[in-house]
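Each remark here refers to the structure printed beneath this line.
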Amino acid sequence: MDEEYDVIVLGTGLKECILSGLLSVDGFKVLHMDRNGYYGGESTSLNLVQLWKRFRGSDKPPAYLGPSRDYNVDMIPKFMMANGTLMCTLVHTNVTKYLSFKTVDGSYVFNKGKIHKVPATDMEALKSSLMGLFEKRRARKFFIYVQNYDESDPKTYEGLNLSRVTTRQLISKYGLNDNTAEFIGHALALHRDDQYLNEPALDTVKRMKMYAASLSRFQGGSPYIYPLYGLGELPQAFARLSAAYGGTYMLNKPDCKVEFDMRGKAYGVTSEGITARCKKVVCDPSYLPNKVRKVGKVARAIAIMSHPIPDTNRSHSVQIILPQKQLGRKSDMYLFCCSYLHKVAPKGKFIAFVSTEAETDRPEVELKPGIDLLGPVDELFIETYDRYKPINTPSSDHCFISTSHDATTHFESTIMDVLSMYTMITGKTIDLNMDPSAAGIAIE
């Protein structure tokens, strides 16, 4: 604590741990502190006793649920795209050597009261129950266009400048109906609302191509993978990376107070009467509450079950996206399920999550459409948490604050925030233009 550091990182949430690892690899002298005695912050994983304490105020869960130590229940559950930006970051930093993954069985979308598998290629479009015969043919042509599109080869543009043509115009050119546009935008391109329809189509096409590439990566039933023992492994893996490059970690550091000079610039962090000096501070919103504002609230249900989600081909791990219009909402709803095969619960048990951006003060009512898809549950926990984003000017106060995790069940928005912060801190961008499939990744 009596040394000077380039960066002090407060909080061991996933975003903070990734940044700590990246900065340490870059040669920054990093001190990483957390007021808690465990890694993960808001994105930690809890065993059954910890889960019971948090939601039921007791440390005695019922015996029929099995051993507490066999549970690893993520508080911010998200799957990883096999060829996504987070996976590229893991490969770039070689953090994959600390982790083992398992593919996710299925990716589904909710439409007209039923669950459907998400088609991602021209051949899957022909088999999909989401579309009628003529719509399947039109969709197949659109998927072929997307699969063949190469930003570096104008011959594949077919006369369309996707930097100017909107997604709505592109979809209209292929005569696709609103129903098809909805699952393309929300379940394939993973947009969170319908704003994308009026934006350049290039982003949506790139997202679709990444989904398809991720789907073919490990030949699983979905484009997603998930760490064995849950996401709590990820912050610890980046912490190990940081330590390997000289980063210093201190847990159980109470009252971490950021110190500012007369000009309002952060110059250190005080804990237990000792101030560690630094040039920059990185933290989650809870450490600098006067420099963030509330931008929303996430409603979330956690369910312990003894069966897979119905109508998902008995998948042990699955994502289901419920697009906003299907529910008459302003934002999508997400279902996430995994099981003992991912080592997050005892044999025979499944953990499911339902999450969405809260639009009322009645989360149990808002989440009901998703909860109803789960079938019988052994135990159900419902909570909300506020989302914050920074309102400070990092160039003035030298504080770099992450945004809170959103309701999505995939990591693409999370990692984009991390890479944006990295660029603000260092003035550099990370070159992630690599083939993640070239890396040795342990997949069960």
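Return the percentage of antiparallel bridges among DSSP beta bridges fully within the chain, rounded to the nearest 5 %. Numbers along the way, then the final one.
Numbers: 52 of 75 bridges.
Just about 70 percent of them are antiparallel.
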Exercise. What residue among G40, G21, L99 has its Cα farthest toward the positive end of the dipole of the chain, where the charges are +1 on Lys, Arg and -1 on Asp, Glu, each on the Cβ?
Worked result: L99
For this session: Roll a 1.4 Å probe over the protein chains and send me the accessible area per residue for region 101-259 in Å².
Result: 46 Å²
Exercise. For the charge dipole of the chain, defined by +1 on Lys and Arg C-beta atoms and -1 on Asp and Glu C-beta atoms about the Cα centroid, which residue among A266, G221, T89 has the Cα displaced farthest towards the positive pole?
Worked result: G221
Seminar exercise, completed: Ordering 418-428, 146-156, 183-193 by per-residue average of other C-beta atoms within 10 angstrom, highest first, gives 183-193, 418-428, 146-156
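Compute, for region 78-232, the length of the dipole vector about the Cα centre, with Cβ point charges of +1 (Lys, Arg) and -1 (Asp, Glu) only. Units Debye, rounded to 20. Mind showing how you got there, number by number?
Details: 21 positive and 14 negative charges, 69 e Å.
That gives a dipole near 320 debye.
Relative to the Cα centre, what is the charge dipole magnitude of the chain, using +1 at the beta carbon of each Lys and Arg, -1 at the beta carbon of each Asp and Glu, and rounding to the nearest 20 debye? Don't skip to the end; give the middle numbers.
Details: 54 positive and 50 negative charges, 149 e Å.
That gives a dipole near 720 debye.
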Exercise. Which angle from 0 to 90°, rounded to the nearest 10, does the C-alpha axis of helix 133-148 make with the longest principal axis of the chain?
Worked result: 50 degrees
Problem set entry | Hz values of 3J(HN,Hα) by residue in region 398-410 - Karplus curve (6.51, -1.76, 1.60), Gly and Pro given as x | 6, 10, 10, 10, 7, 8, 5, 5, 8, 7, 5, 9, 9
Exercise. So if R0 is 25 Å, what FRET efficiency would D386 and V365 give, r being the distance between their Cβ atoms, rounded to the nearest 0.05?
Worked result: 0.85
For this session: For helix 412-426, report the angle its Cα long axis makes with the longest principal axis of the Cα atoms of the chain; keep it between 0 and 90° and round to the nearest 10°.
Result: 40 degrees
Exercise. Short version: ³J(HN,Hα) in whole Hz for each residue of region 91-101, in order, from phi by Karplus 6.51 cos²θ - 1.76 cosθ + 1.60 (θ = phi - 60°), x for Gly and Pro, what are they?
Worked result: 5, 4, 9, 6, 5, 4, 5, 8, 10, 10, 10
Exercise. How many angstrom lie between the C-alpha centres of region 9-31 and region 156-232?
Worked result: 31 Å
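Rounded, prolate or oblate: which fits region 321-444, taking a ≥ b ≥ c as square roots of the Cα gyration tensor eigenvalues, rounded meaning a/c under 1.5, else prolate when a/b beats b/c? Show your work: numbers first, answer last.
Numbers: a/c = 2.37, a/b = 1.36, b/c = 1.74.
In terms of gyration-tensor shape, oblate.
For the chain, compute the orientation-averaged projected area of the C-alpha convex hull (one quarter of its surface), in nm². Could the numbers behind the result be given before it?
On the way: hull surface 87.0 nm².
Dividing the Cα hull surface by four gives the mean projection, 21.7 nm².
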Exercise. Quick one: how many Å² of D417 are accessible to a 1.4 Å probe, rounded to 10?
Worked result: 30 Å²
Problem set entry | Dipole-positive endmost among F238, T156, T204 within region 148-240 (Cβ charges, Cα centre) | F238
For this session: Report, ordered by chain and residue number, the lysines lying within cross-link reach of K209, taken as a straight Cα distance under 25 Å and ignoring same-chain residues fewer than 8 apart.
Result: K78, K102, K117, K127, K136, K141, K155, K173, K325
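The values are calculated or read from the model by the stated rules, or taken from the named source; none is laboratory data. The model shown is predicted, which means the values in this text are computed figures rather than measured ones. Positions of Cβ are backbone-derived with ideal geometry, glycine not excepted, and every protein chain shown enters the neighbour counts. When the accessible area is computed, the model is the full protein with side chains, heavy atoms only, and any ligands, DNA or RNA have been set aside. Shrake-Rupley method; radii C 1.70, N 1.55, O 1.52, S 1.80 Å.
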